[in-house]
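The values are calculated or read from the model by the stated rules, or taken from the named source; none is laboratory data. These numbers come from a predicted model, not from an experiment. So basically every Cβ, Gly included, is an ideal-geometry build from the backbone, and we count neighbours across all protein chains shown. Ligands, DNA and RNA are stripped out before the accessible areas are found, and what is left, the full protein with its side chains, is counted by its heavy atoms. Shrake-Rupley method; radii C 1.70, N 1.55, O 1.52, S 1.80 Å.
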Amino acid sequence: NITKPTVIIVFGGNGDLTKRKIIPALYNLFLENRLPEKFAIIGTSRTEFKDQKYRDLLLDGINEFSRTGKAKKEDWAKFSEKITYQASNIKDVGSYNEFADKISDYKKEWKEDISTLYYCAVSPDLFCTIAENVSKSKLENNRETTRMIIEKPFGRDLESAKTLNAKLLTIFDEKQIYRIDHYLGKEVVQNVMAFRFANTIMEPLWNRTHIEHVQISVTEKIGVEDRGSYFDNAGILRDMIQNHLLQLLCIIAMEPPINFDADLVRDRKVEVLKAIRKIVPGSVDSMAVRGQYGSGWVEGKEVPAYRDELDVKPDSNTETYAAMKFYVDNWRWQGIPFYLRTGKRLFKSDSHIIIQFKEVPHNMFQNQERNIPKANRLIISIQPDMAIKFQLESKTPGLEMTLNTVDMVFDYSGKTKGDSPEAYETLLLDVISGDQTLFMRADQVEAAWEVVMPILDYWENNKNADFPNYPANSWGPENADALIAKDGFHWINLP
Ligand code: BG6
């Protein structure tokens with residue numbers, strides 16, 4: 001258990017992320033006795049609130065969004081004592097000095113040194129302002145105990161990501177910066193490391209000799225909701241592929257690290273990104289497909305086309321769907337395609353990875369009723385179902401030799417989403433304990449931008465005349481099917 005006293009200042013303390021994710025995660029860690037005994041949260045934003053009013057707002061958030069459901073009165077009473085609020089002006093050093101005074105009161109009360117965490121749950125254009133004001137103010141910036149937490153997007157292209165990293169690194173050490181990609185905190189995603197590296201049967205199969213192709217799919221039923229102004233400037237390539245999907249690819253493709261040291265693990269991931277074959281501008285159309293949703297019907301209700309959503313330009317060229325193919329040019333993966341797809345307003349919300357194995361080299365079942373063994377498949381379901389499933393061929397019980405595909409399933413023993421920690425719980429506990437393994441290092445972020453830049457540039461400079469090119473509640477544009485079909489495969493939609 002972590003014992004070092006900790007104070008966390010949450011910038012954007014009245015924002016959506018704080019209410020939906022950060023506070024429910026800290027509350028659940030508290031319920032599990034995972035927080036240091038001496039722990040304080042200081043929420044801050046421009047608006048004036050009394051502490052009590054602020055706590056009430058956060059309680060509403062927990063009651064609505066926490067995986068453990070409504071807070072029990074006595075638990076909340078104990079937890080909420082740790083929360084105070086201070087209105088501030090992020091751009092004014094004076095506000096930071098007030099935080100420093102508050103923290104020094106905690107120090108006096110606790111009579112110990114403390115860790116200070118600055119959580120920037122604000123628009124990315126304020127990350128540098130916060131960092132600068134921390135450095136100009138009386139606030140602590142100790143290399144061992146001060147940490148800065150930021151959320152994507154980390155820049156909007158390679159250049160701006162480099163500028164952001166460089167700026168932050170003039171104030172903090174890389175070891176102090178925790179860049180969140182919340183997909184890395186998901187339970188099943190973490191288990192891929194255990195599955196791959198704690199089982200001897202995986203490694204001999206995990207390469208171009210036995211694997212035919214890999215599919216990484218993150219489909220969402222929701223549209224852009226109230227995030228039109230952010231999303232219309234970003235698009236799904238920036239919002240999902242540059243970070244979440246490429247990180248999943250890294251976990252599947254990475255070489256085994258020597259141990260779980262944060263830098264060794266991240267070195268292996270960066271190597272994957274660097275090995276991804278560069279898409280040359282002339283070949284973007286054969287390697288990547290974009291889509292934008294039109295209107296449609298979802299559960300009996302008509303939903304608007306993307307261009308009719310709030311804060312979206314009526315002639316927007318922004319993509320809400322992307323599918324693409326990558327090759328990882330190294331010894332293990334030479335010639336094996338990795339297909340990625342993600343989109344909004346699709347038929348189903350489902351995140352999974354499929355490892356499609358090759359067919360048997362020789363078929364000895366030719367005289368049987370079902371006479372071609374199907375190739376094996378490993379299905380890693382991240383959400384909403386959590387499961388890791390092998391599809392194997394088996395004899396159908398009975399007098400004949402008939403083949404049948406059966407599942408060997410690890411389904412987390414029937415545990416449901418509410419039983420296992422949310423990504424933010426894992427990640428926040430890691431920040432508090434100072435473990436950077438699941439956080440994006442500066443070079444990782446930049447290497448991921450390098451992978452997507454040719455597509456990003458091409459898409460921005462060439463409008464897509466076909467938009468909208470898929471209806472809401474469908475599986476995306478037809479040319480995404482064609483992208484994979486030309487290699488002889490198809491997208492695998494799980495039931
Ligand atoms: C976020 C994206 O990073 O991830 C959103 O900005 C997306 O557009 C979300 O909806 C998906 O996360 P999850 O955990 O719901 O799959």
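Within segment 2-15, being over 15 Å from TYR85 (Cβ atoms) and at pLDDT 95 or above holds for PRO5, THR6. Listed by first and then second residue, the pairs with beta-carbon distance under 8 Å, at least 6 apart or on different chains, first residue in segment 267-278 and more than 19 Å from GLY335 (Cα to Cα), second among the acidic types (Asp, Glu), are ARG268/GLU255; VAL270/ASP443. If you go through segment 215-225 one residue at a time, do you hit one that is in contact with a Lys or Arg (Cβ under 9 Å, 6 or more places away or on another chain), outside any strand (DSSP E or B), over 26 Å from LYS463 (Cβ atoms) and modelled with pLDDT of 95 or more? Yes. Restricted to segment 24-63, and to residues there that are in a helix (DSSP H, G or I) and free of Cβ contacts under 8 Å to residues at least 40 places away in the same chain, the residue that is nearest to the chain's Cα centre (by Cα) is ILE62. A single member of THR402, THR437 is open to solvent by 20 Å² or more (accessible area, probe 1.4 Å) and either within 30 Å of VAL7 (Cβ to Cβ) or away from the ligand (no atom under 16 Å from the Cβ) (or both), and it is THR402.
Looking across segment 137-189, the residues that are away from the ligand (no atom under 16 Å from the Cβ), of a type in the set (D, E, K, R) and crowded, with 18+ Cβ neighbours inside 10 Å come down to GLU140, ARG147. For segment 81-98, the criterion of being among the aromatic types (Phe, Trp, Tyr), in a helix (DSSP H, G or I) and open to solvent by 10 Å² or more (accessible area, probe 1.4 Å) is met by no residue. One residue stands out in segment 322-352 among those that are open to solvent by less than 10 Å² (accessible area, probe 1.4 Å) and among the aromatic types (Phe, Trp, Tyr): the one that is farthest from the ligand (Cβ to nearest atom), namely TRP333.
On the basis of being open to solvent by less than 50 Å² (accessible area, probe 1.4 Å), farther than 23 Å from ARG441 by Cβ and more than 17 Å from the chain's Cα centre (by Cα), does VAL298 make the cut? In short, yes. Among the residues of segment 317-342, count how many are farther than 15 Å from CYS250 by Cβ and part of a strand (DSSP E or B). Of the residues in segment 317-342, 9 are farther than 15 Å from CYS250 by Cβ and part of a strand (DSSP E or B).
Restricting segment 101-139 to residues that are within 30 Å of the chain's Cα centre (by Cα) and part of a loop (DSSP other than H, G, I, E, B), the residue that is farthest from LEU428 (Cα to Cα) is SER123. Name the single residue, out of those in segment 356-412 being β-branched (Val, Ile, Thr) and part of a loop (DSSP other than H, G, I, E, B), that is nearest to ALA253 (Cα to Cα). Among them, the one singled out is VAL360.
Which residue is most open to solvent (accessible area, probe 1.4 Å), if the candidates are limited to segment 211-236 and must be within 19 Å of ASP481 (Cα to Cα) and within 12 Å of the ligand (Cβ to nearest atom)? Only one residue tops the list, namely LYS221.
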